[in-house]
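Report on the structure given below.
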Amino acid sequence: MSSSSIQFRFDPMDFVADLDTPVGIHLRRAIFDEETGADTELRKRIHKELISTQLADGSWDQISVHTANNLWNLGLLGYSANDKNVKKGLDWLLSTQNYEYRGNPGFFHSGNRKESSTMRSTNYGEFGPGCTIFYTTPYAVHLFHMYGLDKMKQVQQTVNSYLKFWTPDWCGAWCTINVLRVLIEHPKSANTKRVRNGINHLADIQTKTGSWKGFPFYHTFHALSRSNQTAAKKQIENALPAIIRRQNKDGSWGRKKTETQTFLVLDGLKNAGLL
């Protein structure tokens, strides 16, 4: 593991070493630099399992939630936008970009009646369950960013729409942090006044314990870790004691969704230059 300014109470590798999942493979490679031959074989097996359930139209179950999560998994495994299965999945997501929000175009909505219930029963990855299109849309924009496709006109259209109306108190906490996350990371919006206002809003509600009142701790921490703004870096610093305090004895973080929340902590610390 690279040098770290964080003194953990327990070694997170104790937990990560046993994860036979895309998150485990990614963390071992990107955080601990300890990818093994066994991971190479595991990567092939997981990839085979993932693509075996992809439909001919490029989706998984014709549900945005499943499609987005599987595309995220393929990215964690190291596959790029040039991979044929990734391309098919991204093309299907683009086919769902057919919805307007208050006259603003560029929103992703599959129309599948199972979308909302699936989203609310799934807490995996970098996004959480708010209003349906403010889960599916930012998740889609994030995936195009993850695969190096920020300049696509369809993605730019969505970001432009967000920049017209989004404010940090316009909707609930999950919708707010889902959208702020992609505005922070997208080059077109990262240094805009809307993003600065969003980060400052979070600074105003950060408590003495380092958490954010009413906001999901791990997702908020991870979203802010991608910003280079001083106000975001200060909040990350304020949250570090809580990061240390919340770690479980097995090296993980979180209670029920330990894999996701451990990813959010370790990837967030790396983003912030602390790992």
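Rule-based calculations on the coordinates, nothing more; no lab input. Since we're looking at a predicted model, the values are computed, not measured. We place every Cβ from the backbone using ideal geometry, glycine too, and count neighbours over all the protein chains shown.
For every helix of n ≥ 4 consecutive DSSP H residues, a contribution of -39,500 (n - 2.57) applies; sum these over the chain, divide by its total residues, and give [θ] at 222 nm rounded to the nearest 500 deg cm²/dmol.
Values: 13 runs with 153 residues, N = 275.
Only helices count here, giving -17000 deg cm²/dmol.
Quote the charge dipole size of region 1-144 about the Cα centre in Debye, to the nearest 20; the model charges only the Cβ of Lys and Arg (+1) and of Asp and Glu (-1).
For region 1-144, the charge dipole is close to 460 debye.
Taking the alpha-carbon distance from Lys151 and a cut-off under 21 Å, which lysines remain once sequence neighbours fewer than 8 residues away in the same chain are dropped?
Lys84, Lys87, Lys88, Lys164, Lys188, Lys193
Convert each backbone phi in region 149-163 into a coupling constant with the Karplus relation 6.51 cos²θ - 1.76 cosθ + 1.60 (shift: θ = phi - 60°), then list the ³J(HN,Hα) values in order as whole Hz, x for Gly and Pro.
10, 4, 7, 4, 4, 5, 5, 4, 4, 5, 4, 4, 5, 4, 5
Quote the Stokes-Einstein diffusion coefficient, in whole µm² s⁻¹, for region 126-275, based on the Kirkwood radius over alpha carbon pairs, a temperature of 4 °C and a viscosity of 1.567 mPa s.
Answer, rounded: 84 µm²/s.
Given the Cα atoms of the chain, and with Rh set as the inverse mean 1/r over their pairs in the Kirkwood sense, what is Rg to Rh to two decimals? Can you show the working numbers first?
On the way: Rg = 18.1 Å, Rh = 19.1 Å.
With Rg and the Kirkwood Rh in hand, the quotient comes to 0.95.
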